[in-house]
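One structure is given here, and the rest of the page talks about it.
The values are calculated or read from the model by the stated rules, or taken from the named source; none is laboratory data. This one's a predicted model, so the numbers in the text were calculated from it and none came from an experiment. Cβ sites come from the backbone with ideal geometry, for glycine too, and all protein chains shown count toward neighbours. Calculation scope for accessible area: heavy atoms of the full protein, side chains included, ligands and nucleic acids excluded. Shrake-Rupley method; radii C 1.70, N 1.55, O 1.52, S 1.80 Å.
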Amino acid sequence: MEKKYLSAFVLFLSIFSFGQIGLRMANGSLFSNAQSSSAFIDASSNPEYNDSDNLGKGLLFPRVKLTSFSQFGGSAPFSPQNYPSLYDGFLVYNVSEGGTIPPGGGKLKGTLTKGFYYYDNSGSFGSVLNGGTWKKLGSSSITSLQESVTNVTVDDKPVYSFKGSFAADGVSTSVTLNDLNTTIINNISAVYRITIYNKDKSLFTNTVYAFRPETRTIITGAPNMSMVYPGGTYTYILEYVK
């Protein structure tokens, strides 16, 4: 992270850790009203008093290279120890593509891409500063052989995903998802869809005709058009609700 951005962002968070600030616009003047409300900062403006719909619509964040972020810095009175949450919920806009987080900067979930990331340090709350995990905001990275929650809901139930692989024999329409563990199998109430890729990462199908949890088998397609995959190994992403 560039020093000027790190300093500005740490200062930003440090100020808010000691009090609430209101920046609400009314008739062109500023006044503070956040102290007696649930908001820790109010930077909204009333569109009735704006001269243009292009004004007062967004918050510009500092740009951060998480591939260079090696520590949570700052000196007194802005040191990390002043934050009881140890930066749990810390939000940044990352401009790095690929790569990893340097030692001391926390762990990473998924592949690093450009966009907003938040620091999930809830598991180390109050104890380990660099024990958290950077997670991309607004998405869920799908990691092989791990259950992930997506941003999709069905009847107010979250849709979960699991990424694995299976071997097709080139004869049967039924394939076995051997890497689905018992806990996941027992919790699936309905399959949302399955996405299957060939070795060139080309999409095959995402339509499920039948799923049998007791045997971990799945048939894709329709009753009169079920799919037979050529012999080989395929990657799949199974999405389901509990």
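For the criterion of being farther than 18 Å from Ala210 by Cα, open to solvent by 70 Å² or more (accessible area, probe 1.4 Å) and at pLDDT below 90, Asn130 passes.
For every residue, the table says whether it meets (1) of a type in the set (D, E, K, R); (2) in contact with a strand residue (DSSP E or B) (Cβ under 8 Å, 6 or more places away or on another chain); (3) over 26 Å from Asn151 (Cα atoms); (4) modelled with pLDDT of 85 or more.
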{"residue": "Ser36", "(1), (2), (3), (4)": "no, no, yes, no"}
{"residue": "Ser45", "(1), (2), (3), (4)": "no, yes, yes, no"}
{"residue": "Leu60", "(1), (2), (3), (4)": "no, no, no, no"}
{"residue": "Gly115", "(1), (2), (3), (4)": "no, yes, no, yes"}
{"residue": "Ser122", "(1), (2), (3), (4)": "no, no, no, no"}
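Out of Ser75, Ser148, Ser140, one residue alone is in a loop (DSSP other than H, G, I, E, B), at pLDDT below 85 and within 28 Å of Tyr192 (Cα to Cα). It is Ser140.
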